Amino acid sequence: MDIHVGRRVRAARIAQGVSQEDLGNAVGVTFQQIQKYEKGINRIGTGRLHDFAKFLQVPVTYFFEGAGKDPSTASASGLNAITEALSTKEGVRIAIALSRISNPALRRRIADVLEAIVQDESEEVRSLSRA
């Protein structure tokens, strides 16, 4: 649970364009502590989580969305992948750029390209492991 909440904190922070240092200053901790929270190394107390939610302009429940689901189900696996992607700067950039494209067919083609890249990368890894 601590890892899930930490990833959600990171995703919200990156989506808002806030640095770890800025978030730490806003809630009264060091950026190193923010790193530990985001990695799930340290547990975030309820008061601090409330401070994060207020500063990042998300409801406290945001940090728990998708938690506790069976990770083997397709929907939980998809949500985990989304959370993981949105906890990176590149993932947020891709999501924002994709949301700005109004043509659904073009969005689908971009998704197809990304999936093809992942497939090619997976096939490369499999072929290297057989060699």
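So M1 clears everything in (1) buried (at least 19 other Cβ atoms within 10 Å of the Cβ); (2) among the aliphatic types (A, V, I, L, M); (3) farther than 22 Å from E90 by Cα except one condition, right? Which one?
Condition not satisfied by M1: (1).
Can you find a residue in the range 9-27 that is small (G, A, S), over 24 Å from I82 (Cβ atoms) and outside any helix (DSSP H, G or I)? It would help to see each step written out before you state the result.
Here is the first cut: in the range 9-27, the residues small (G, A, S) are 11-12, 15, 17, 19, 24, 26.
Applying the additional criterion that residues be over 24 Å from I82 (Cβ atoms) yields 24, 26.
Those left that are additionally outside any helix (DSSP H, G or I): none.
No, the range 9-27 has no match at all.
Look through G17, G6, G28, G47 and report the one residue that is under 22 Å from I96 (Cα atoms) and exposed (fewer than 15 other Cβ atoms within 10 Å of the Cβ).
Values: G6 fails: exposed (fewer than 15 other Cβ atoms within 10 Å of the Cβ); G28 fails: under 22 Å from I96 (Cα atoms); G47 fails: under 22 Å from I96 (Cα atoms).
Just a single option satisfies the conditions, and that option is G17.
When you look at L106, is it modelled with pLDDT under 85 and either surrounded by 10 or more Cβ atoms within 10 Å (Cβ to Cβ) or out of contact with any Cys (no Cβ under 9 Å at 6 or more places or on another chain) (or both), yes or no?
On the way: modelled with pLDDT under 85: no; either surrounded by 10 or more Cβ atoms within 10 Å (Cβ to Cβ) or out of contact with any Cys (no Cβ under 9 Å at 6 or more places or on another chain) (or both): yes.
In short, no.
If you take the residues of the range 31-44 that are closer than 18 Å to E84 by Cα and surrounded by fewer than 14 Cβ atoms within 10 Å (Cβ to Cβ), which of them is farthest from the chain's Cα centre (by Cα)? Steps first, please.
Taking the range 31-44 as the starting set, the residues that turn out to be closer than 18 Å to E84 by Cα are 34-41.
Within this subset, residues satisfying the condition of being surrounded by fewer than 14 Cβ atoms within 10 Å (Cβ to Cβ) are 39, 41.
Values: K39: 11, I41: 16 Å.
In this case the residue turns out to be I41.
Could you list all residues from the range 52-84 that are of a type outside the set (A, V, I, L, M), modelled with pLDDT of 80 or more and part of a loop (DSSP other than H, G, I, E, B)? Don't jump to the end; show me each part of the working.
Initially, the range 52-84 is screened for residues of a type outside the set (A, V, I, L, M), giving 52, 54-55, 57, 59, 61-66, 68-73, 75, 77-78, 80, 83-84.
Then keep just the ones that are modelled with pLDDT of 80 or more; that gives 52, 54-55, 57, 59, 61-65.
Q57, P59, E65, listed by residue number.
Taking the condition of a type outside the set (V, I, T) and touching a Gly at 6+ places or on another chain (Cβ under 6 Å), does A97 pass? Step through it out loud before you land on a result.
Numbers: of a type outside the set (V, I, T): yes; touching a Gly at 6+ places or on another chain (Cβ under 6 Å): no.
It is false that A97 is of a type outside the set (V, I, T) and touching a Gly at 6+ places or on another chain (Cβ under 6 Å).
Cβ contacts < 7 Å: first residue farther than 27 Å from V18 by Cα, restricted to the range 88-111; second residue in a helix (DSSP H, G or I) and of a type outside the set (S, T, N, Q), any location; separation 6+ or different chain. Result?
These pairs meet every condition: R107/L98; I110/L98.
The values are calculated or read from the model by the stated rules, or taken from the named source; none is laboratory data. Keep in mind that this is a model prediction, so the values were computed, not measured. Glycine gets a Cβ as well: all are built from the backbone with ideal geometry, and neighbour counts include every protein chain shown.
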